[in-house]
Amino acid sequence: MYDLKTDKWGSATSEGKDLRDVAFSNYFPATFGGNFGIDSSSTPKEYEHIEAISVGVGATYIMPLNQKSVESCPRKYEIFNAIRTWENARAANAFSRTIKKQLADPTKNWHLEQIDNDHWKLYQVVNKEKRAFFNLTRDVAGGY
């Protein structure tokens, strides 16, 4: 499993499995499990990172939520907006295989901005700065 806090595969997570290669050609989506709950120290950067990794390897994840921990997070709305942006692009099949391979690299950080219902800009973040971006578009040909 991927551990968001250490940016490593299989470090301190409970299930001890590596999902990087099981999500393709599989009818059931692989999952990272419930390792990504929101608390007072959670940041949008963390959730953009886990969204990028999960899109890159084709996995889902569980985000355990309870009112007390969510309300303790000063950036909860930014986090939920970031997740929504990534999930909108995922649902539109906007990520090519080439981009997914890059997203799966846990050493890289990303920021995604939604332009409209059919377009996004994906930036690689290096030293807290947005770098060159990729234009992403809804896969209309694929029926999305």
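Bear in mind that the values in this text are calculations on the coordinates, not laboratory data. This one's a predicted model, so the numbers in the text were calculated from it and none came from an experiment. Ideal geometry is used to build each Cβ from the backbone, glycine not excepted, and the neighbour counts take in all protein chains shown.
The spacing between the range 37-75 and the range 99-127, judged by their C-alpha centroids, is 16 Å.
Database remark: amide H of T60 closer than 5 angstrom to the amide H of A30, T31, F32 (H placed geometrically; neighbours at sequence offset of 5 or more, or on other chains; Pro and chain starts carry no H).
The label-point distance for S40 and K130, in a model that sets each label 7 Å from Cα toward Cβ, rounds to 3.1 nm.
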